[in-house]
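Okay, structure first, notes after.
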Amino acid sequence: MDSIIINGGVPLHGVIEVGGSKNDALAIIVAALLVPGETILHNVPHISDVVRLLDILRHLGARADFRDDGALLIDASRLTTSEAPQELVQQMRASFNLLGVLLSRFGTASVAMPGGCNIGARPVNFHIKGLEQLGATLQLDHGVYHGSVKRFTGTNLYLEFPSAGATQHLMSAACCARGVTVIENCAQEPEVVNFAHFLNSCGAQITGIGTSTIVVKGVDSLRPTEFNVLPDRLQAGTYILGAAITGGDVIVRNAVAEHSRPLLSKLAETGVEITTMSNGIRVRRTSRIHSTDIRTLPHPGFPTDLQQPFAAMLCLADGVSILTETVYESRFRYTTELQRMGADIRVEGSTAVITGVPQLTGAPVACTDLRGGAAVVVAGLAAHGETVVTELEHLDRGYEDLVRNLKNLGANIRRSNTDAVGRPIVV
Ligand code: EPU
């Protein structure tokens with residue numbers, strides 16, 4: 001069994017370069033199947049979710065290979081089936097957007113209900129309703145959606161909640177629809193914005209990008225493009241919180257301050273010094289951590305994905321902090337693991353009350369989900385003694401070279417056995 005072993009208490013120092021965004025890359029890779037040609041993507045992270053998704057693409061007949069220069073080449077000229085492999089699709093959330101994409105390319109598609117982190121019910125009703133409004137006929141049979149459509153037809157769509165995945169899914173489906181689609185109450189996450197720019201660089205006609213109303217004027221087909229995946233604001237946030245909790249001084253290169261505004265604003269309240277640089281963010285802490293209250297919200301509110309590692313830091317704050325989770329109904333499972341390390345956290349429904357303690361102590365802890373894993377690693381960096389983190393398959397879904405990067409910042413950290421994509425670990 002793989003584990004990460006941390007001897008905490010070392011302030012992080014130095015410069016770290018943040019990699020490509022998981023959530024941006026996954027959405028764009030799925031949408032590359034809309035293009036009957038070669039798509040070239042830069043800055044795609046080497047994480048297990050990407051490895052799995054590329055296997056799905058190959059199963060569908062696409063070519064998907066990393067070139068020697070690190071770029072990912074996807075050739076979707078000749079797709080051979082519209083049936084996505086069920087066992088792979090069920091392991092991640094982003095693969096569900098294959099439904100609209102395959103319907104657009106083939107007129108038929110079969111895609112299983114998705115998986116992903118266990119942080120709440122995560123239904124797909126907005127996706128299904130939107131695709132049906134665009135003209136698809138869909139049927140759920142033994143956990144698999146089977147769909148057909150002659151050609152999507154543009155219409156007015158309204159999302160009950162600004163879902164990132166549903167906004168991306170419906171934009172993809174609308175790209176080559178007949179007529180105009182208007183999507184109201186859209187998500188505005190940076191990954192949703194970049195996704196729309198990707199589609200436009202393929203010849204789609206999308207306006208209203210970055211606002212709550214997106215208008216997609218259907219075109220006959222999309223063309224090949226070369227495009228950059230965003231730097232990962234959630235990875236960046238994790239390193240920023242690692243530096244903050246240890247009282248370190250770190251420059252996170254490539255981190256985009258504009259994408260991390262809600263995090264940086266809350267960090268400033270806790271007494272952490274933030275300097276925005278032209279090509280990154282510097283984070284430094286020299287005083288006690290002050291408590292604060294956080295309410296997660298869709299972007300540009302505080303990101304639910306960083307609620308977890310931020311909570312780890314608040315365990316050492318000089319007062320009581322209240323976290324309210326409004327996006328997912330069970331994103332507090334990791335708090336049990338932090339309690340093993342001496343954290344004082346009480347969870348009641350969608351609220352966690354954290355009373356700061358002077359010190360956390362190392363303990364055996366598990367990753368309950370991807371960002372829950374980030375939370376225990378961040379806590380372990382500051383804890384007194386040895387923390388042994390297990391169930392790393394969650395962390396491997398979204399963090400490339402986590403151990404190596406933290407080690408380069410001075411952390412006393414190592415991983416036993418293999419890395420995110422199964423290579424033997426040499427650090
Ligand atoms: N929702 C529905 N019905 C739907 C779709 C969503 O009720 O049809 C609900 C969800 O259950 C949730 C809320 O709407 O309560 C928001 O979900 P959203 O659709 O925005 O999330 P997602 O697209 O499934 C992506 C990221 C998540 C991130 C959220 C919010 C990917 C692969 N995942 O999920 O990332 O938390 O957006 O920004 O892009 C992570 O990286 O750790 C992660 C969980």
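The values are calculated or read from the model by the stated rules, or taken from the named source; none is laboratory data. Computed from a prediction, not measured in an experiment: that's the story for all the values here. Note that each Cβ is placed from the backbone with ideal geometry, even for glycine, and that neighbours are counted across all protein chains shown. For accessibility, only protein heavy atoms count, side chains too; no ligands or nucleic acids. Shrake-Rupley method; radii C 1.70, N 1.55, O 1.52, S 1.80 Å.
In the chain, the C-alpha radius of gyration followed by the widest Cα-Cα span (Dmax) gives 21.4, 63 angstrom.
When shorter helices are ignored and each DSSP H run of at least 4 residues is given -39500 (n - 2.57), the per-residue value for the chain at 222 nm works out to -9000 deg cm²/dmol.
If R0 is taken as 22 Å, the Cβ-Cβ distance between residue 142 and residue 118 corresponds to a FRET efficiency of 0.55. Cα-based values for the stretch 22-228, radius of gyration first and Dmax second, are 15.2, 44 Å.
Summing charges over neighbours of residue 394, with a neighbour being any other residue whose Cβ is under 10 Å away from its Cβ, gives -2 when K and R count +1 and D and E count -1. Using heavy atoms of the protein chains and a probe of 1.4 Å, the accessible area assigned to residue 336 is about 70 Å². At a probe radius of 1.4 angstrom, the accessible area of the stretch 176-290 per residue rounds to 38 square angstrom.
Here the relative contact order of the stretch 22-228, from alpha carbon pairs under 8 Å that lie six or more residues apart, stands at 20 percent.
Helix 304-314 sits at what angle to the longest principal axis of the chain, using alpha carbons and giving 0 to 90 degrees rounded to 10? For 304-314 against the chain, the angle is about 0 degrees. Under the criterion of Cα pairs below 8 Å and six or more residues apart, the relative contact order for the chain equals 21 percent. Once the convex hull of all Cα atoms in the stretch 140-228 is built, its volume per residue stands at 112 Å³.
Computed with a 1.4 Å probe over protein heavy atoms only, the accessible surface of the stretch 1-102 comes to 34 Å² per residue. Just so you know, the Cα atoms of the stretch 1-98 work out to an Rg and Dmax of 16.4, 54 Å.
In sequence order, the stretch 375-391 has phi-based couplings of 5, 6, 5, 4, 5, x, 5, 9, 6, 7, x, 8, 10, 10, 9, 10, 6 Hz under the Karplus curve 6.51 cos²θ - 1.76 cosθ + 1.60, θ = phi - 60°, and Gly or Pro positions carry x.
Each Lys and Arg contributes +1 and each Asp and Glu -1, all at the Cβ; summed about the Cα centre of the chain, the dipole is approximately 340 debye. Within the accessible area of the chain, the carbon and sulfur atoms contribute 47%, probe 1.4 Å, all protein chains present. Seen from residue 134, the other residues with C-beta closer than 12 Å to its C-beta sum to a net charge of +3, counting Lys and Arg as +1 and Asp and Glu as -1. Taking amide H positions as modeled 1.01 Å from N, with prolines and chain starts lacking one, the residues under 5 Å from residue 255 and 5 or more places away or on another chain are 18, 281.
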